[in-house]
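Notes follow once the structure below has been shown.
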Amino acid sequence: MSADAAQDAAPDDGQPGTESAAAARGPLVLAADGLGKDFKLGGGAVLHAVRDVSFGLYSGAVVALVGESGSGKSTVAKLLAGQERRSHGTVTLNGKPVDIHGGRAFRQYKSQVQYVFQDPFGSLNPVHTVGYHLSRPVKLHQPEAGDVKQAVTALLEQVRLTPAAQFTEKFPHELSGGQRQRVSFARALAARPAVLLADEPVSMLDVSIRLEMLSLLDDLRTRLSLALLYITHDIASARYFADEVLVMYGGRIVERGPAEDVTQHPAHPYTQLLIASAPDPDNLGSVLKSGNSAARAGRARAARPPTAARSAPGARSPRTGAGRRPPSSSR
């Protein structure tokens, strides 16, 4: 079946929390039920960007929303973040319906649900330092924090930007893409959220840095029991990273299930097309898994005493190759 025909296939319209592969991780935190968004176009036409989307986000679990550009993934994230007003459906946070009109209610909701943008440079003000970007949300969401500077240091350490003192006075343009994205994560964590919406968080980064970033996200969701929505067009990384995969096409969820099942035994024609378009459809996610293991080994080698880490000038590393360094955790 062609991709055009796939759009007309019946969507998976299960209710949020029903037999979710992510539910075993923890309790339901944020749920969307029948979520929809319509945009009015010229001449009375209407674009149905999101149609009847239902799913749940669970504490400590990763749900991946997978699809190509224009499928409606980012619109779903903006609806959940309160950046777009929904046309249909309901959103519940900890079992309570959410109806955001701005003001104090919006601030309280944002303290629980944080959104990380795809472009780390565009989401940071170039005229302000890293310390400024982090101190503002600390003051806003952590009024009990007596020492703001210490709280900022703790945030930087959480996202593996160490030593923190080297980064607080830097401006966004002085950081690498990976470092800027880590600052974006730190800013989101300053609110101490229960839900993190990550919209293509690694798509603009180098491949080696993507592995480090996914490892960081995995560590954060485990340590902080975050309910994480991972939006991506890369079904291979979804298999590696997520507990549950939702495949989105034409504004609808057309397939869902455990990440391994969806990627290894796709039932919907569009999911089959996504997998067939991957570089190695029979071995999805293996490069990410092996690469992340190599990154961890690189961090372990970097932690050894200097004498143990030295090698002869020009020596070739069996893992990283001549002249290459293991992925840095602070990029």
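Shape verdict for region 126-192, please, from the Cα gyration tensor: rounded (a/c under 1.5), prolate (a/b greater than b/c) or oblate.
prolate
Which trypsin sites (Lys or Arg not before Pro) from region 37-96 combine a DSSP loop assignment with at most 13 other Cβ atoms within 10 Å?
Counting only loop positions with at most 13 other Cβ atoms within 10 Å, the trypsin sites (Lys or Arg not before Pro) in region 37-96 are ARG85.
Using +1 at the Cβ of each Lys and Arg and -1 at the Cβ of each Asp and Glu in region 126-192, identify which of PRO163, VAL127, ALA145 lies farthest towards the dipole's positive end.
VAL127
The numbers here are math on the coordinates, done by the rules we state, and not lab data. Remember, it's a predicted structure, so these values are computed and weren't measured experimentally. Cβ: placed from backbone, ideal geometry, glycine included. Neighbour counts: every protein chain shown.
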